[in-house]
Amino acid sequence: MVFHSLLAVMPIFFGADVAMLGATGVVPAGMMWMSLFFYLIPMIVIVVILLIEAKWNKVTNFIITLVFTVMNIFHLTEHAGTSPVDPCQIILLTFVMIFGIILNIASYRWVKD
């Protein structure tokens with residue numbers, strides 16, 4: 001995820017303006033909460049997976065993997081619809097989506113065990 005963020009701002013190093021059209025310099029609160037969700041929740045889930053073997057944890061983990069895969073699919077389609085299309089972002093997001101699906105499968109198998 002950090003690599004993805006770095007790819008988005010890499011053009012700055014070459015003098016490009018990466019600011020969104022109409023940007024005011026203030027990050028919307030919703031964006032900050034969404035970023036926190038996407039960074040913090042996986043770290044919490046990793047620790048919970050390591051410490052709790054209960055069935056509810058396995059089911060919760062499976063549901064979370066599904067939510068993140070759906071969000072990754074939306075994110076990939078959003079980037080694919082931008083102009084110009086950044087091939088590095090598309091390749092990275094495609095792999096993230098594929099790995100998410102693999103994680104869904106592994107999590108589903110864990111629930112069934």
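The values are calculated or read from the model by the stated rules, or taken from the named source; none is laboratory data. The model shown is predicted, which means the values in this text are computed figures rather than measured ones. Because the Cβ atoms are built from the backbone with ideal geometry, glycine has one as well, and the counts that use them run over all protein chains shown.
Please determine, by comparing only the residues of region 87-107 that are of a type outside the set (Val, Ile, Thr) and surrounded by fewer than 14 Cβ atoms within 10 Å (Cβ to Cβ), which one is modelled with the lowest pLDDT.
Among those that are of a type outside the set (Val, Ile, Thr) and surrounded by fewer than 14 Cβ atoms within 10 Å (Cβ to Cβ), it is CYS88.
Among the candidates LEU51, LEU66, LEU7, LEU76, the residue that is touching a residue at least 40 places away in the same chain (Cβ under 8 Å) and aliphatic (A, V, I, L, M) is uniquely LEU7.
Filtered by the rule that a residue be of a type in the set (Phe, Trp, Tyr) and modelled with pLDDT of 90 or more, region 34-68 gives TRP56, PHE62. One residue stands out in region 69-86 among those that are at pLDDT 90 or above and among the hydroxyl-bearing types (Ser, Thr, Tyr): the one that is surrounded by the most Cβ atoms within 10 Å (Cβ to Cβ), namely THR69.
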